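Take a look at the structure set out below.
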């Protein structure tokens, strides 16, 4: 079951869902449109190592936009800060974004109950495309949870991505034990 627009608004009133900034025009019948924030990042090294901290360089998207290229990987972030305290959020690309050949997440489309922060976007493109800060890039949908949550994401000691800022966050895989 996916929450409808009315249910999303009800959950926002209760504080179970937060979307900041919130624009009523971005609320669809069962989703909320999120936008590309002003920051992008790329990894500094060509070869990444899952056991090492891989540094990134940030840059701000200029007003005239920024051209993304295939075979390069970009990290972005949503303009919106979100909190989800009783539902499982899923981030999917908008069809208009996909029709430009832009993928906004490689694997991480599902959030956890208790996620609080800006969503980091894992961006790749099929051909060169100019993007702009504030452009719609995705939509959040919310699923109710069946059963009681024992520990919400923002309460876990090992929650590597809790409280993500408006700048994208690099992989924290290196913090795992393997």
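No lab work stands behind these numbers, since they all come straight from the coordinates. Quick caveat: nothing in here was measured; it's all calculated off a predicted structure. Cβ: placed from backbone, ideal geometry, glycine included. Neighbour counts: every protein chain shown.
Rounded to whole Å, the principal axis extents of the Cα atoms in region 45-178 read 45, 34, 22, largest first. Residues of region 79-104 falling in the label zone of residue 10, defined by backbone nitrogen less than 17 Å from a point 7 Å along Cα to beta-carbon, are 85-88. Under the simplified labelling scheme, the residue 48-residue 176 pair shows an inter-label distance of 1.2 nm, with each label point 7 Å from Cα along Cα→Cβ.
Between residue 18 and residue 106, the C-beta separation translates, for a Förster distance of 22 Å, into a calculated FRET efficiency of about 0.30.
Dividing the summed -39500 (n - 2.57) terms of all DSSP H runs of n ≥ 4 by the residue count of the chain sets its mean residue ellipticity at 222 nm at -2000 deg cm²/dmol. Full extension of the segment from residue 159 to residue 59, taken as 0.36 nm per residue of separation minus the current Cα-Cα distance, would add 33.4 nm. Each Cα pair under 8 Å and six or more residues apart adds its separation to the average, and for region 31-106 the resulting relative contact order is 34 percent. Note: relative contact order over region 99-159, using C-alpha pairs below 8 Å and six or more positions apart, is 45 percent. Take every pair of alpha-carbon atoms less than 8 Å apart whose residues are at least six positions apart; their mean separation over the length of the chain yields a relative contact order of 30 percent.
Working from label points 7 Å from Cα in the Cα-to-Cβ sense, the residue 96 to residue 69 distance is 2.8 nm. Judged by the mean number of other Cβ atoms found within 10 Å, the most tightly packed of the peptides 4-10, 100-106, 149-155 leads the ranking 100-106, 4-10, 149-155. Residue ranges 169-176, 37-44 sort as 37-44, 169-176 when ordered by packing (mean number of other C-beta atoms within 10 Å per residue, highest first). Averaging Cα coordinates gives a centre for region 145-178 and one for region 115-138; these two points are 20 Å apart.
Ranked by the mean number of other Cβ atoms within 10 Å per residue, highest first, peptides 78-85, 48-55 order as 78-85, 48-55. How many percent of DSSP beta bridges within the chain run antiparallel, rounded to 5? The antiparallel fraction comes to roughly 95 percent.
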